[in-house]
1. Report, by chain and number, residues whose modeled amide H sits under 5 Å from the one on ALA229, excluding near sequence neighbours (fewer than 5 apart, same chain).
2. Where does the chain land at 222 nm, in deg cm²/dmol rounded to the nearest 500, when only DSSP H runs of n ≥ 4 count, each adding -39500 (n - 2.57), divided by all residues?
3. Pulled fully out, how much extra length does the chain show between SER174 and TRP287, if you take 0.36 nm times their separation in residues and subtract their Cα-Cα distance?
4. Between ALA23 and ARG3, with labels modelled 7 Å along Cα→Cβ, what's the label distance in nm to one decimal, could you check?
5. Please check: in the Gaussian network model of the chain (C-alpha springs, under 10 Å), which one of ASP108, ASP48, ASP188 has the largest mean-square fluctuation.
6. Please give the length that would be gained between ARG55 and ARG159 if that part of the chain were fully extended, namely 0.36 nm times their separation in residues minus their C-alpha to C-alpha distance (nm, one decimal).
7. Using Cα centres only, tell me the gap between region 279-295 and region 140-173 in whole Å.
8. Can you compute the charge dipole magnitude of the chain about its Cα centre, using +1 on each Lys and Arg Cβ and -1 on each Asp and Glu Cβ, nothing else charged? Give it in debye, rounded to the nearest 20.
Amino acid sequence: MPRLLAVWRRGRKGPQRGPRPPADGLTPQELAEVAGAVERLSHGLTRDRRLAGARYLDDERLLGAYLLFYWPVSYLQARGVLSELPAPPRTVLDLGSGPGPMALAALDAGAALVTAADRSERALAAARSLAEAAGKKLATRRWDGARAQPLAELCGAARPDAVTLGHVLNELGSGESALEARAALLGDAARLVAPGGSVVVVEPALRETSRALLAVRDRLVAGGLAVRAPCLFRGPCPALSKESDWCHAERPVEPPAVVAEIAAAAGLRREAVKMSYLVLAPPGEPWAEPPPGRVFRIVSEPLPGKGRLRYMGCGPEGRMGLALQEKHVGDANRRFGALLRGDVVEVSEVEPRGDGLRLGPGSTVRVLAGAGSPLPPGGGGPQVGGATGGGPG
Ligand SMILES: C[S@@+](CC[C@H](N)C(=O)[O-])C[C@H]1O[C@@H](n2cnc3c(N)ncnc32)[C@H](O)[C@@H]1O
């Protein structure tokens, strides 16, 4: 946050009166200014969506709002998803980087060669300043996703082992043709990454943008690409069969206090680290074998009902409800009461009930991978029963 605040203050025009502001927080005057811009940005990106695809980061105030409010959340999302890859990437191309939260997250996660690409020169300049302040090297390139520009031109000789796209896909066009164009872009990105590499897409956890991502995922899967995360189901996404469903992840991490302070001043809900995401493998790489047994990723929050607890799970056999009655809770299934959205679990001794599965007193619940952790090959290292928590997020 101190670096974000310093870069923001340096780029800010206009008179700055009063005593020196704190390095890790905002003065009341600054807070009012940023909150006003965040309100505009939030309305334009998540409500009427008039700013989606517009050049809002070329506006100094909106770029400031992005840096102080959205940037930290994108950064945490990126750290969360990068921690799910089979190995930390060394060479990364960040498309639609804006001021670089995904790029900086990749650098902080151990990447050595990172290129941030965006059409906003102002946003790229902010990304360079942030990298410099962190003592890291970041290359930047102008990139316009609306033009058919070969991605290989952006990263020179080094083939990336990850291409990241944070909150940009939903800004590339609209309607059916946009879904095709987005799938084509991700297909190009998947062909660019080195063997074993990944294409990492993070999108807002909004119904419309999430469903659009799932529709793009279905096109790519139908074309033969394998999904590394979050999907364990290899067919068309079951969340798309019902208009009201979508799929998002949540990580148990708190954004910095400044973000909460800005949210309160702008009259917005506090930002949680929620997102829809997709990690794709390059062409030719098969889907990883799921761990044996009845395995599900938890794709809902806990859904308490009369005398029972339910979650939605999505696994190799599809998306379905998993329910356990209170009277059937015992040592081997106690963990069920504390599952997090994103956990991958194996359940045993279940029986079909309604449109899902019912756990009973003899059921076991094993967390194979906590939310945000990679699935161990073959599903090893599980936690059985009640005691310990999920992954780091
Ligand atoms: C919501 S910001 C995301 C920034 C950052 N990746 C993140 O995860 O927070 C969307 C970014 O996409 C960029 N963008 C939108 N349309 C674009 C296009 N056609 N070509 C290149 N960049 C584009 C914008 O300039 C902006 O930086």
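1. The list, which skips near neighbours in sequence, is VAL279.
2. -8500 deg cm²/dmol
3. On the way: separation 113, 0.36 × 113 = 40.68 nm, distance 2.98 nm.
Difference between extended and current length: 37.7 nm.
4. 1.4
5. Among ASP108, ASP48, ASP188, the largest GNM mean-square fluctuation belongs to ASP48.
6. Working: separation 104, 0.36 × 104 = 37.44 nm, distance 2.91 nm.
Value of the extension gain: 34.5 nm.
7. After rounding, the separation between the Cα centres reads 25 Å.
8. Around 480 debye, computed over the chain.
Values quoted throughout were computed directly from the atomic coordinates according to the rules given, and no laboratory measurement underlies them. The shown structure was predicted, so the numbers you read here are calculated from the model rather than taken from an experiment. Using ideal geometry, Cβ is built from the backbone for each residue, glycine included, and neighbour counts are taken over all protein chains shown.
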